[in-house]
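What follows is one structure encoded as structure tokens, with my remarks underneath.
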Amino acid sequence: MKKLIFISIFSLLYAIEHQPLVKASAALKAGMYKEALRHVTDAQKDAPTNSDVYRMQGLLHEAIDEPEQALRAWKRCLKFSKTQEMKNEANIHIQSLSEGL
Amino acid sequence: MNKSYLIFVFFLTFSCWSGQAINTTYNFNNIQSLEIESIEDHSNLPSSGEMVRSILTHNFLKYGFDVIETDIDAPLIDIGSGEQNLKLSCIITELTDSDVIVIPYRYEDRGYTKTTLNQTSETEKGKEDSESSATSSTETHSGGITQGSRIEYTQSRVGVILKIHDKNSGSLVWSNSFWYSGLELQKTIDICLKNGVLQIRKLFS
């Protein structure tokens with residue numbers, strides 16, 4: 001029984017440790033945007049069609065003044081977004097960033 | 001056929017984005033100045049009106065206008081040598097720096113394969129014969145998918161309605177609404193208002 005509990009806790013900790021989105025979220029909350037971006041890029045490998053991840057990436061690139069990368073991220077967000085609200089948000093960012101380039 | 005389709009899509013996209021309302025009979029080439037009226041605070045943030053107005057004048061200056069602030073409560077944007085004067089009013093419709101974004105995610109454990117190779121050899125001194133043996137075992141873990149977790153982060157959202165009136169007649173000559181999202185409130189306000197200023201600049205060019 002003790003072994004089972006130990007294995008469960010270890011598995012849970014291992015899983016959290018190896019989830020890039022969790023790390024990205026933590027880094028973002030701490031204001032470490034570049035660090036967060038690194039983990040978001042890792043997260044994309046696991047979820048290449050998740051529009052939420054591209055949205056987060058777009059916001060992070062904008063926060064650190066990387067408009068070209070932000071534009072690319074928002075275009076991908078638009079491509080994979082499933083809700084009209086997110087499509088609107090992506091379109092507004094694409095329009096704004098395109099004018100600035 | 002393809003070209004016509006692309007032109008149609010372009011205009012459709014542009015018309016959807018550009019939600020401005022404009023008095024097409026008004027002569028925007030005969031303008032002297034644009035006065036920015038005081039802006040009421042949003043209920044979420046005291047002094048937000050003054051902050052938005054400061055960022056607005058900053059953007060007018062940044063994008064090539066002369067800004068005159070002899071009266072701090074009514075900054076003037078110098079437009080040209082015309083005769084008409086305009087008033088710009090701004091209503092903050094949305095101002096939040098704690099809009100919670102939730103990303104549901106799934107953790108994919110891709111499993112692993114562990115191969116153990118045991119190799120032993122025995123060589124006796126003085127003898128050429130030697131014995132060796134090797135065994136290998138493979139253990140495959142299939143992995144699994146855990147779903148149902150989520151992460152959260154907060155973002156800022158800013159929304160404004162900008163309106164331009166003719167100062168003498170009081171008629172509304174232009175209006176539009178803008179909103180933007182970002183990670184930092186001040187930067188989000190800045191970009192939101194930048195989009196407004198760039199559109200207003202097109203009226204006078």
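The values are calculated or read from the model by the stated rules, or taken from the named source; none is laboratory data. It should be emphasised that the depicted structure is a prediction, and the values quoted were computed from it without experimental measurement. For neighbour counting, all protein chains shown are included, and Cβ atoms are generated from backbone atoms with ideal geometry for every residue, glycine included. Surface areas here come from the heavy atoms of the whole protein model, side chains and all, with no ligands, DNA or RNA. Shrake-Rupley method; radii C 1.70, N 1.55, O 1.52, S 1.80 Å.
Of the residues contained in region B:35-56, one or more are found to be farther than 25 Å from B:L185 by Cα, open to solvent by less than 70 Å² (accessible area, probe 1.4 Å) and either within 14 Å of chain A (Cβ to nearest Cβ) or modelled with pLDDT of 95 or more (or both).
Do the conditions hold for A:K23, that is, is it more than 21 Å from B:D97 (Cα to Cα) and either modelled with pLDDT of 95 or more or of a type in the set (V, I, T) (or both)? Judged against the criteria, A:K23 is not a match.
Cβ-Cβ contacts under 7 Å between residues 6 or more apart (or on different chains), taken from a first residue in region A:88-99 that is at the interface with chain B (Cβ under 7 Å from one of its Cβ atoms) to a second residue that is open to solvent by 50 Å² or more (accessible area, probe 1.4 Å) and at pLDDT below 95, are listed as A:N91/B:W17; A:Q95/B:W17. Name every residue in region A:60-80 that is of a type outside the set (F, W, Y) and open to solvent by less than 10 Å² (accessible area, probe 1.4 Å), in order of residue number. Within region A:60-80, A:L60, A:A70, A:A73, A:C77 qualify.
Taken over region B:152-169, the criterion of being in contact (Cβ under 8 Å) with a residue 24 or more places away in the chain, open to solvent by 10 Å² or more (accessible area, probe 1.4 Å) and of a type outside the set (D, E, K, R) is satisfied by B:T154, B:I161, B:H165, B:N168. Based on what the data block shows, is A:L97 closer than 19 Å to B:C192 by Cβ, of a type in the set (A, V, I, L, M, F, W, C) and at pLDDT 90 or above? Taking the combined requirement at face value, the residue satisfies it. In region A:44-59, the residue that is nearest to the other protein chains (Cβ to nearest Cβ) out of those that are surrounded by fewer than 24 Cβ atoms within 10 Å (Cβ to Cβ) and assigned to a helix (DSSP H, G or I) is A:D52. The condition of being at pLDDT below 95 and open to solvent by less than 90 Å² (accessible area, probe 1.4 Å) holds for A:I5. Screening B:T93 against (1) among the hydroxyl-bearing types (S, T, Y); (2) open to solvent by 60 Å² or more (accessible area, probe 1.4 Å); (3) under 18 Å from B:W174 (Cα atoms); (4) modelled with pLDDT under 95 leaves a single unmet condition, (4). When B:K87 is tested against (1) farther than 30 Å from A:P20 by Cβ; (2) of a type in the set (D, E, K, R); (3) surrounded by 11 or more Cβ atoms within 10 Å (Cβ to Cβ); (4) modelled with pLDDT under 85, only condition (4) is not met.
If you go through region B:175-185 and keep only what is under 13 Å from B:S98 (Cα atoms) and either away from every other protein chain (no Cβ under 11 Å) or part of a strand (DSSP E or B) (or both), you end up with B:S181, B:G182, B:L185.
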